[in-house]
1. Could you let me know the centre-to-centre spacing of segment 1-40 and segment 64-132, using Cα atoms, in angstrom?
2. Determine the relative contact order of segment 11-120: mean sequence separation of Cα pairs under 8 Å and six or more apart, normalised by residue count, in whole percent.
3. Quick one: what are the phi-derived ³J(HN,Hα) couplings along segment 49-64, Karplus 6.51/-1.76/1.60 with θ = phi - 60°, whole Hz, x for glycine and proline?
4. Loop sites only, by DSSP: take the trypsin sites (Lys or Arg not before Pro) in the chain that have at most 15 other C-beta atoms within 10 Å and name the longest stretch containing none of them.
5. Could you pull out every residue, at least 5 positions away or on a different chain, whose amide H is within less than 5 Å of the one on Ser35? Hs are placed 1.01 Å off N in the peptide plane, and Pro or chain starts have none.
6. Can you compute 3J(HN,Hα) from phi for each residue in segment 112-128, using the Karplus curve 6.51 cos²θ - 1.76 cosθ + 1.60 with θ = phi - 60°, rounded to whole Hz and x for Gly and Pro?
7. Can you work out D for the chain in µm² s⁻¹ from Stokes-Einstein, where Rh is the Kirkwood radius over C-alpha pairs, the temperature is 20 °C and the viscosity is 1.002 mPa s?
8. Build a GNM of the chain with springs between Cα atoms under 10 Å: which of Ala94, Ala78, Ala55 gets the top mean-square fluctuation?
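Please treat every number below as a calculation from the coordinates, not as lab data. Predicted, not measured: the structure shown is a model, and the values here were computed from it. Ideal geometry is used to build each Cβ from the backbone, glycine not excepted, and the neighbour counts take in all protein chains shown.
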Amino acid sequence: MAADRHHPRFQPLVDYLVRLPAIETDATPLKGIASGTDDDLWWVKFGVLIDHPLAWSVIQELGHVLNYLSPNERLPTAFKPVSPPPYLNGGPRAYLSWVIECPIADMDPTTVAEWLDSRLPPADDPESWAVD
């Protein structure tokens, strides 16, 4: 797979994420989002525009569905922040990223995108993401 595009298995999840408010994107074919596999795990890494008024609402919603939907309905996914050492690089605006990880054998990225789309506020309606 060329380094200028995501493997097709990741494309539905990437396409979903770029529609969410506060997700950092760029004009490259990768949209500023990284994806890949390590051993038995797949991952998608992206930035959140931390000054966006809906940033923490988006993080909270993703964390809820991906980490703890309910005690009886848990996904095999993990959503967490990742960063190189701040003392060597800099602050969260430039170096804090978020990653969705999942064991390859448990669930594919397309299914994760479908779960998010069916359980989160409408991706294209920023007002629906506002929580008091």
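1. Cα centroid of segment 1-40 versus Cα centroid of segment 64-132: 13 Å apart.
2. Reported as a whole number, the value is 29 percent.
3. 6, 5, 8, 5, x, 9, 3, 6, 5, 5, 4, 4, 5, 4, x, 4
4. That gives 75-132 as the longest site-free run.
5. Lys45
6. 4, 4, 5, 4, 4, 4, 8, 10, 9, x, x, 4, 8, 10, x, 4, 6
7. Roughly 140 µm²/s, to the nearest whole number.
8. Ala94
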